[in-house]
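Engineer: The following block contains the structure, expressed as structure tokens.
The values are calculated or read from the model by the stated rules, or taken from the named source; none is laboratory data. Keep in mind that what you see is a predicted model, and the values were worked out from it rather than measured. Cβ sites come from the backbone with ideal geometry, for glycine too, and all protein chains shown count toward neighbours. The area values use the complete protein model at the heavy-atom level, side chains included, leaving out ligands, DNA and RNA. Shrake-Rupley method; radii C 1.70, N 1.55, O 1.52, S 1.80 Å.
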Number of protein chains: 4
Amino acid sequence: VINEFGFLMGPIALTNSFNVYRVADALQDWSMDLHPEIAREQSGLICVVAECADDYLNDARGRHVQREAVFQAIETASGGMPAEGSVGGGTGDVTFGFKGGIGTASRLLPAALGGYTVATLVQSNFGIRENLHICGVPVGRELLHWQPEPPLRKNEGSCVMVIATDAPLSSRQLRRIARRAFLGQARTGGVARNGSGDLAIAFSTAQRIQRDAPSLTEKFEFIPDFREDTINALFQATTDVVEEAILNSLFASDTMTGRDDNIVYGLPLPEVAAILRKYGFPLVEA
Amino acid sequence: VINEFGFLMGPIALTNSFNVYRVADALQDWSMDLHPEIAREQSGLICVVAECADDYLNDARGRHVQREAVFQAIETASGGMPAEGSVGGGTGDVTFGFKGGIGTASRLLPAALGGYTVATLVQSNFGIRENLHICGVPVGRELLHWQPEPPLRKNEGSCVMVIATDAPLSSRQLRRIARRAFLGQARTGGVARNGSGDLAIAFSTAQRIQRDAPSLTEKFEFIPDFREDTINALFQATTDVVEEAILNSLFASDTMTGRDDNIVYGLPLPEVAAILRKYGFPLVEA
Amino acid sequence: VINEFGFLMGPIALTNSFNVYRVADALQDWSMDLHPEIAREQSGLICVVAECADDYLNDARGRHVQREAVFQAIETASGGMPAEGSVGGGTGDVTFGFKGGIGTASRLLPAALGGYTVATLVQSNFGIRENLHICGVPVGRELLHWQPEPPLRKNEGSCVMVIATDAPLSSRQLRRIARRAFLGQARTGGVARNGSGDLAIAFSTAQRIQRDAPSLTEKFEFIPDFREDTINALFQATTDVVEEAILNSLFASDTMTGRDDNIVYGLPLPEVAAILRKYGFPLVEA
Amino acid sequence: VINEFGFLMGPIALTNSFNVYRVADALQDWSMDLHPEIAREQSGLICVVAECADDYLNDARGRHVQREAVFQAIETASGGMPAEGSVGGGTGDVTFGFKGGIGTASRLLPAALGGYTVATLVQSNFGIRENLHICGVPVGRELLHWQPEPPLRKNEGSCVMVIATDAPLSSRQLRRIARRAFLGQARTGGVARNGSGDLAIAFSTAQRIQRDAPSLTEKFEFIPDFREDTINALFQATTDVVEEAILNSLFASDTMTGRDDNIVYGLPLPEVAAILRKYGFPLVEA
């Protein structure tokens, strides 16, 4: 529906696999309360819910997400820096065999390129340990025997990448943005393994579409694709923030013991620092 | 997920727009009960639910479909001729300004072309009256002023077309089949209006994929695309059954009064017969 | 490239299957002559060529289309009513077992819906005789034994549908328009047979994109998707003009004898009129 | 056509942007000579030609590729290790601001996973220097001022990635493979810049489809998607070989002076080795 009509409405919810319909149902309730004309004078409603499979740590069969949690999440949503790590839909996530979850990152383009912001929030739950790369350093291979990795089958998760920008882009251009998210994910070492339902969605806050516009046509402002410098800066920023946000989801998550005493270790930061130093990585020389 | 992995599992559920998540949730419950390994040893589950907006007749805000209805539908499912008209997810549907709903049709290919069956079940909820064509006859225009048509906004529904066959086809070929469903819909006069979320899904019963196959590779049987005579017969049958099933959804549905005394008239069969006769249509000359 | 960047440049050329690369090459020459900066300061160029297989009538192995023909076609292109029938790329086309080729049709929307024009030019080369329907009347079945149909394999052609409009639509919306073209084709009886490479492309003349715009952003004018009345009128017009243009390609084409004395009969208009009359079709009652 | 029918026929040709139609035309000639029934008894022919824009070094307006070059390329094609660097369609390519071109790499899966080979040949012509990463090391940033980079506009090329395997995969699975190629490209630092028409195509040599099979159905052998270990090994290999092949295209290409004395420097291998050593990369410690 989003690709067909080119707009979003309402919140984007992130949860775990087996609560996705329940969260969508609650999101629909919330939207219908807000819009009494829905299902009366008109039908259209878009509810966006994305998910990751967290059933190694989480008692996923328990279906513990209730509709009140959705209402609460919407009501308490605020601006500013989102919480990262083992929070929200990312609570039980596993990334590259370490504890993953929510990560975020953003970039501000130079004024000459429009001064736009590109930001992402990822729910990161994918990959096997040997594949983890941080700034290209094969951290996963170096930590292969550090502490046990969760059994292989359980690693098959997914990565949800939500990209937001205030750059005025059309839905066609936003799909171009969304596709670049996967390139950022690839830099961390991901190969989009068989069961990994990776998903990227990009939206722009620059313009709103009115449901009941008075005039037959409306003017929308876009950056032409011919403005290669700005488009490329947006693509670069998208790839960069997704890479950084996935790493942040690891940096912000601690070891967790879940259902049936299953344990997933948090990425050991001192060891990571030592590995980056061993690889002569200048950022950690200070 | 279906396009990515090329298979279906479990039932296909049809309901109305604002119960789609609730039905999916119940379908997931049913699947998880059947498969205790889901969300424990493995995560993968596909729940297929399609919907039409029935809120002109139905108290859609009331959300009257309960999970028990889903379980009951699965448990009482049987072979043989499905019920048509104002039943199940099609109860409140409106098609070409008349009462629509569930319709079905099938074709048997000649033995020389494989003797395969192509069958469809549609949930039909789309179109404005002036567009209705039966066997090409502009029945809708002839009946434009017969009884009032529901207000225009309400007509914007959708059409769900499920196509089943026992022909051994790959997922790629089944997508080719599914695309032909829209051509059958077009014959009835539909133009896929702005809000119409038409959807077609095709599956083959010829082969099952085992989750835990012992060997590294498996042999699957397919009709090669070079067998043009058989492929074309399957395409023709798909288009024909969808056209017929949509018409059957009209023929099998009676006038219904719904919420707020909204009324949708059933297609008046004697008038239709007279119109077809007027257009010299040989089928009704007898 | 068109879907990625959302614009067209230069002419759309129509030819037969085995000259498509030659025509594209000539089109590229023409574009490079016009734009000396191409392949020097910049690389981008879009050449659009569509084709139908005409090898039953045409000596397709002879490859008779020369680059001069392309230059001439561009230079002599003019406004007004295009030639129809056995002309240009449609010279050797076969449609529903009769002589096909080029057809065109257009609609003007009422002023209240914007007063826009939707026009099409089709190169029609598909279908088997028994499938031909004119205004829903099974003309093909009625004429099944009138004169021999070309052998079955040869019928497997395709249909190119070019839709032009002056309605201000985005590339996303134009893809919605293009998809409705297939519904118009379906009304004539086509089922998109196995070998039929049907193709639709839609463009709007409402706005031009400047290669070297001075400002960072530009304003574009679009009809919002929420203007359902206008969007639906555009969809309806698209479906209608494609149906009419395909029929016009038949009406405008006479019997042709081609290579190896292969013969394809033109649709016999008096017989068609009689059949329509037999089916009580009001248009021919006068 | 490849996605629709799921098979390839004939060679895959790689050339530069402005000769793509000419090469396709020659490929068509070659195919028609081989198959005298084409354009007589049947129409179907698939010619696959991919291209990169090489007009910074190459006199692209000169259109120097003649059809004889195509015939010669086909006739002299042989097994074994392909030539790499500034050869064939990659002669004038620029990659990350250095001289690029053709690269190749392959992996052999362990016997327990099927012992399959995954191989690639890339025509690499994309990226800006600051983005080049080798094994994650920011080689491009370290060499940013080493020698001048070609002007920015000219860098906007593309990357063609052809992946071949003897693993028995369906066309659906091969599309999954092809999509993973972009992840390997991303590891080298590419962000799929605005003008970059990156393209991946994957094929399997495991099975041939007969045009005139005697039986109605045929059996094909596939690796089920449930064989996650093998599928994942194929995905990993695809990503790895594409990364390596792009780097090989740089390693195998020397500085080249082209049209108008435009110069593109080859990647300086001693400097690269020093940079990798600086970053403590173990592979170069020996």
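Engineer: For the stretch B:261-276, which residues satisfy the criterion of being assigned to a helix (DSSP H, G or I) and surrounded by 15 or more Cβ atoms within 10 Å (Cβ to Cβ)?
Structural biologist: Restricting attention to the stretch B:261-276, the residues satisfying the condition of being assigned to a helix (DSSP H, G or I) are B:261, B:269-276.
Matches in the stretch B:261-276: B:Val272, B:Ile275, B:Leu276.
Engineer: If you don't mind, another one. Sort through B:Gln28, B:Gln72 and tell me the only one that's part of a helix (DSSP H, G or I), without any contact (Cβ under 8 Å) to a residue 40 or more places away in the chain and either open to solvent by less than 30 Å² (accessible area, probe 1.4 Å) or of a type outside the set (S, T, N, Q) (or both).
Structural biologist: Details: B:Gln72 fails: either open to solvent by less than 30 Å² (accessible area, probe 1.4 Å) or of a type outside the set (S, T, N, Q) (or both).
It is B:Gln28.
Engineer: Right, something else. Mind listing whichever residues of the stretch C:11-49 are touching a Ser or Thr at 6+ places or on another chain (Cβ under 7 Å) and closer than 20 Å to C:Phe126 by Cα?
Structural biologist: C:Ser17, C:Val49
Engineer: Can you list residue pairs whose Cβ atoms sit under 7 Å apart, with the first residue in the stretch D:256-283 being among the small types (Gly, Ala, Ser) and the second being outside any loop (DSSP other than H, G, I, E, B) and surrounded by 13 or more Cβ atoms within 10 Å (Cβ to Cβ)? Count only pairs 6 or more apart in sequence or on different chains.
Structural biologist: D:Gly266/D:Phe98; D:Gly266/D:Lys99; D:Ala273/D:Val284; D:Gly280/A:Lys278
Engineer: Considering the stretch D:39-62 alone, what residues qualify as being facing chain C (nearest Cβ under 8 Å) and open to solvent by less than 20 Å² (accessible area, probe 1.4 Å)?
Structural biologist: D:Ala39, D:Ala53, D:Asp55, D:Ala60 - these are the residues of the stretch D:39-62 that are facing chain C (nearest Cβ under 8 Å) and open to solvent by less than 20 Å² (accessible area, probe 1.4 Å).
Engineer: Within the stretch A:278-286, is there a residue that is buried (at least 21 other Cβ atoms within 10 Å of the Cβ), closer than 27 Å to D:Leu132 by Cβ and in contact with a strand residue (DSSP E or B) (Cβ under 6 Å, 6 or more places away or on another chain)?
Structural biologist: Filtering the stretch A:278-286 for residues buried (at least 21 other Cβ atoms within 10 Å of the Cβ) gives A:279.
Add one more test, that the residue is closer than 27 Å to D:Leu132 by Cβ, and what stays is A:279.
Now narrow it down to the ones that are in contact with a strand residue (DSSP E or B) (Cβ under 6 Å, 6 or more places away or on another chain): A:279.
Scanning the stretch A:278-286 turns up at least one residue that is buried (at least 21 other Cβ atoms within 10 Å of the Cβ), closer than 27 Å to D:Leu132 by Cβ and in contact with a strand residue (DSSP E or B) (Cβ under 6 Å, 6 or more places away or on another chain).
Engineer: Identify all residues within the stretch D:14-27 that are in contact with a strand residue (DSSP E or B) (Cβ under 9 Å, 6 or more places away or on another chain), under 14 Å from C:Tyr21 (Cα atoms) and of a type outside the set (Phe, Trp, Tyr); write none if there are none.
Structural biologist: D:Ser17, D:Asn19, D:Val20, D:Arg22, D:Val23, D:Ala24, D:Ala26, D:Leu27
Engineer: Using beta carbons and a limit of 9 Å, which pairs, at least six apart or on different chains, have the first residue in the stretch D:202-215 and without any contact (Cβ under 8 Å) to a residue 24 or more places away in the chain and the second one acidic (Asp, Glu) and surrounded by 10 or more Cβ atoms within 10 Å (Cβ to Cβ)?
Structural biologist: Taking only residues 6 or more apart or on different chains, the pairs are D:Gln210/D:Glu218.
Engineer: Of everything in the stretch A:128-168, what is facing another protein chain (nearest Cβ under 10 Å), open to solvent by less than 20 Å² (accessible area, probe 1.4 Å) and closer than 27 Å to D:Asp198 by Cα? Give them in sequence order.
Structural biologist: Hits for the stretch A:128-168 are A:Asn131, A:Ile134, A:Gly136, A:Val137, A:Pro138, A:Ser158, A:Ala167, A:Pro168.
Engineer: Considering each residue of the stretch A:198-211, count those that are open to solvent by 30 Å² or more (accessible area, probe 1.4 Å) and more than 7 Å from every other protein chain (Cβ to nearest Cβ), and give that number.
Structural biologist: Let us first name the residues in the stretch A:198-211 that are open to solvent by 30 Å² or more (accessible area, probe 1.4 Å), namely A:198-199, A:203, A:205-211.
Restricting the remaining residues to those that are more than 7 Å from every other protein chain (Cβ to nearest Cβ) gives A:198-199, A:203, A:205-208, A:210.
Residues meeting the conditions: 8.
Engineer: Considering only residues that are in a loop (DSSP other than H, G, I, E, B) and over 17 Å from the mean Cα position of the chain (by Cα), look in the stretch B:169-190 and name the one that is surrounded by the most Cβ atoms within 10 Å (Cβ to Cβ).
Structural biologist: Of everything passing the filter in the stretch B:169-190, B:Leu169 is surrounded by the most Cβ atoms within 10 Å (Cβ to Cβ).
Engineer: Then there's this: For residues in the stretch A:218-260 being aromatic (Phe, Trp, Tyr) and within 12 Å of chain D (Cβ to nearest Cβ), which is surrounded by the fewest Cβ atoms within 10 Å (Cβ to Cβ)?
Structural biologist: A:Phe226
Engineer: D:Gly195 - would you say it is at pLDDT below 95 and within 13 Å of chain A (Cβ to nearest Cβ)?
Structural biologist: yes
Engineer: Right, next: Which ones in the stretch A:75-88 are surrounded by fewer than 18 Cβ atoms within 10 Å (Cβ to Cβ) and of a type in the set (Ser, Thr, Tyr)?
Structural biologist: A:Thr76, A:Ser78
Engineer: Further question: Please indicate, with yes or no, whether at least one residue in the stretch C:186-204 is farther than 30 Å from B:Arg172 by Cα and touching a strand residue (DSSP E or B) at 6+ places or on another chain (Cβ under 7 Å).
Structural biologist: Yes - at least one qualifying residue is present in the stretch C:186-204.
Engineer: Since C:Val122 meets every condition but one in (1) assigned to a loop (DSSP other than H, G, I, E, B); (2) open to solvent by less than 60 Å² (accessible area, probe 1.4 Å), which condition does it not meet?
Structural biologist: Among (1) assigned to a loop (DSSP other than H, G, I, E, B); (2) open to solvent by less than 60 Å² (accessible area, probe 1.4 Å), the lone unmet condition for C:Val122 is (1).
Engineer: Can I ask one more? Regarding the stretch B:111-118, can at least one residue be identified that is within 12 Å of chain C (Cβ to nearest Cβ), surrounded by fewer than 20 Cβ atoms within 10 Å (Cβ to Cβ) and touching a residue at least 12 places away in the same chain (Cβ under 8 Å)?
Structural biologist: No.
Engineer: Another question about this same structure. Being in a loop (DSSP other than H, G, I, E, B) and either under 20 Å from D:Asp29 (Cβ atoms) or not aromatic (Phe, Trp, Tyr) (or both) is the requirement here; does C:Leu57 meet it?
Structural biologist: Values: in a loop (DSSP other than H, G, I, E, B): yes; either under 20 Å from D:Asp29 (Cβ atoms) or not aromatic (Phe, Trp, Tyr) (or both): yes.
Judged against the criteria, C:Leu57 is a match.
Engineer: Which ones in the stretch B:21-37 are more than 8 Å from chain A (Cβ to nearest Cβ) and more than 26 Å from A:Leu45 (Cβ to Cβ)?
Structural biologist: Hits for the stretch B:21-37 are B:Asp33, B:Leu34, B:His35, B:Pro36, B:Glu37.
Engineer: When B:Phe18 is evaluated against the numbered criteria (1) in a strand (DSSP E or B); (2) at the interface with chain A (Cβ under 10 Å from one of its Cβ atoms), which criterion, by number, is the only one it fails?
Structural biologist: Checking B:Phe18 against (1) in a strand (DSSP E or B); (2) at the interface with chain A (Cβ under 10 Å from one of its Cβ atoms), the one that fails is (1).
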